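The values are calculated or read from the model by the stated rules, or taken from the named source; none is laboratory data. These figures come from a predicted structure and were not determined experimentally. All Cβ positions, glycine included, derive from the backbone under ideal geometry; neighbour counts span all protein chains shown. Surface areas here come from the heavy atoms of the whole protein model, side chains and all, with no ligands, DNA or RNA. Shrake-Rupley method; radii C 1.70, N 1.55, O 1.52, S 1.80 Å.
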Amino acid sequence: MSKALPWSPMQCLPSASLSPSGLLQVDNENGEVEVVTRESVELRILSPLPLRSSSITIDDCQSSSSSPHSDQWSERDSSLILTLTTHRFVFFPNNNSNNNNNNNNS
C-alpha cells in the first residue's frame with residue numbers, strides 16, 4: 001500500500017516542466033527568462049475550505065477511495081523555493097528541508 005501524498009496548496013497548482021538536468025524548463029520561444037530565486041518561502045491558503053488538487057480528476061472526486069491524496073488538508077507548505085520568471089511563479093520543494101512534497105508547481 002502506497003503512502004498518500006500530502007494535500008496542501010502546492011498540490012493544487014499545475015506541475016511545471018523540468019529539463020533533463022532537473023532545472024526549470026523556460027519557454028524560450030516566448031522570451032521567458034528566470035528573474036530571481038528565493039528560498040524559505042511559505043505558500044499559504046487562508047480559505048475556509050480545501051482547494052481541489054490539480055492531480056485529482058473528476059472521477060477521483062466521485063470516488064474518494066481512488067484519490068492519491070490524504071484526507072487531511074494542510075493549509076500551508078513551508079520551506080519552498082520560489083523561482084520568478086518573466087511569465088510565472090514556480091514553487092519547488094526544498095530537498096534540504098523537512099518538506100515532503102516531490103512536485104514542482106507553478
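Go ahead and run the numbers for FRET between Ser19 and Thr86, Cβ-Cβ distance against an R0 of 22 Å, rounding to 0.05. Show your work: numbers first, answer last.
Numbers: r = 18 Å, r/R0 = 0.80.
Result of the calculation: an efficiency of 0.80.
Would you please put 84-92, 30-38, 6-14 in order of how densely packed they are, using the mean number of other Cβ atoms within 10 angstrom per residue and starting with the highest?
The densest-packed peptide leads the list: 6-14, 84-92, 30-38.
Express in nm, to one decimal, how much length is gained between Leu46 and Glu32 on full extension, taking 0.36 nm for each residue of separation and deducting their alpha carbon distance. Working shown, then result.
Numbers: separation 14, 0.36 × 14 = 5.04 nm, distance 3.03 nm.
Working it through step by step, the gained length comes to 2.0 nm.
Largest first, what is the accessible-area ranking of Asp27, Asp77 with a 1.4 Å probe? Each step should come with its number before you reach the end.
Numbers: Asp27 60, Asp77 10 Å².
Ranked list, largest accessible area first: Asp27, Asp77.
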